[in-house]
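One structure below.
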Amino acid sequence: MKPIAIAIHGGAGTILKTSMTAEKEERYTKVLQLALESGYDILLKGGSSVDAVEIAVKQLEDSPMFNAGKGSVFTSDGTHEMDASIMDGNFLKAGSVAGVKNVRNPVQLARKVMDQSEHVMLCYEGAEAFAKKMNLRFEDDKYFFEQSRYDQLIEARQSEKVQLDHSDKKFGTVGAVALDAEGNLAAATSTGGMTNKSFGRVGDTPIIGAGTYANNKTCAISCTGHGEYFIREVVAYDISCLMEYKGFSLQQACDFVVNDKLKKIGGEGGVIGVDGSGNVALIFNSEGMYRGWKKSGNDFGIEIYR
């Protein structure tokens, strides 16, 4: 049997066991496991890597535990602006959306952009109009309201700062990468961005090559971290390039970019990756990263801390 593999993340940052209750840790673990199993089940049945990453990210978007979809943080205006992207490593097709409001699952909209339009990236009202044309599900503002997220906004407003998910410095993004039985790679990423963000700020998540990239020649990558740094270093594509042109392994490429290049410019966060042989990498330079993987041979795990 040809190898299959999937990896997911739910954000990186200052995630410490000392600040986590057992109940909260269990809730995070359950959602991560549900996302992982949903994606792996598709691969096990011979489904595509694109379908696997979409469903895995959708499960994370539907949980209030993560800063994407339902759990998205508030902008300075007290609204939610969400970003997402998806890429097919077989045909190098990609779709992404930025700044969308009230779309229940932005990753599904990114998939529609990739499959049902001639474009790669749609933004704001235009992306929402396309979502309506595609008959995607919208939710009212109440669906996206989470008291803890609103408290973060109030705190950020009082300190006049933009916050990365919440005050203990967690970079809230969710993502998935997968290899299917046909040898095709795919990646998807979704986020609610930064608490108290303004001026239509967009991070690396919807930018193909920065926060998301997939190429059957090399790897599939999904990133989480301080987006401005990931954009400047074109992190996801840089990892692929190191593999294609320098002969790095997936692990070597991820480790060099995250723990050398990003660190040198002050960038914090992490990446998940999978290559065509089913090797998985989960690399981060922060205190923790919500993450999980499952691959052929009953190789499975869910971890949060360093």
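The values are calculated or read from the model by the stated rules, or taken from the named source; none is laboratory data. What you see is a predicted model; the values in this text were computed from it and never measured. When we count neighbours, we look across all protein chains shown, and the Cβ atoms used for this are built from the backbone with ideal geometry, even at glycine.
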Inside the stretch 286-306, can you point out the residues that are surrounded by fewer than 24 Cβ atoms within 10 Å (Cβ to Cβ), in contact with a strand residue (DSSP E or B) (Cβ under 7 Å, 6 or more places away or on another chain) and either assigned to a strand (DSSP E or B) or free of Cβ contacts under 8 Å to residues at least 60 places away in the same chain (or both)? Gly288, Trp293, Lys295, Phe300, Gly301, Ile302, Glu303, Ile304, Tyr305, Arg306
Can you tell me which residue in the stretch 48-67 is farthest from Met87 (Cα to Cα), limited to those that are of a type in the set (D, E, K, R) and under 11 Å from the mean Cα position of the chain (by Cα)? Glu61
Give the residue that is surrounded by the fewest Cβ atoms within 10 Å (Cβ to Cβ), with candidates limited to residues of the stretch 1-22 that are over 23 Å from Ser286 (Cβ atoms) and at pLDDT 95 or above. Pro3
Tell me yes or no: at least one residue of the stretch 28-49 is surrounded by fewer than 24 Cβ atoms within 10 Å (Cβ to Cβ), among the charged types (D, E, K, R) and modelled with pLDDT under 95. no
Scope the stretch 181-197; condition within 15 Å of Ile221 (Cα to Cα) and assigned to a loop (DSSP other than H, G, I, E, B); matching residues: Asn184
Whether any residue in the stretch 78-90 is of a type in the set (Ser, Thr, Tyr), under 27 Å from Asn184 (Cα atoms) and not in a loop (DSSP other than H, G, I, E, B) is what I want to check. yes
Of those in the stretch 216-265 that are part of a helix (DSSP H, G or I) and among the β-branched types (Val, Ile, Thr), the residue surrounded by the fewest Cβ atoms within 10 Å (Cβ to Cβ) is Ile231
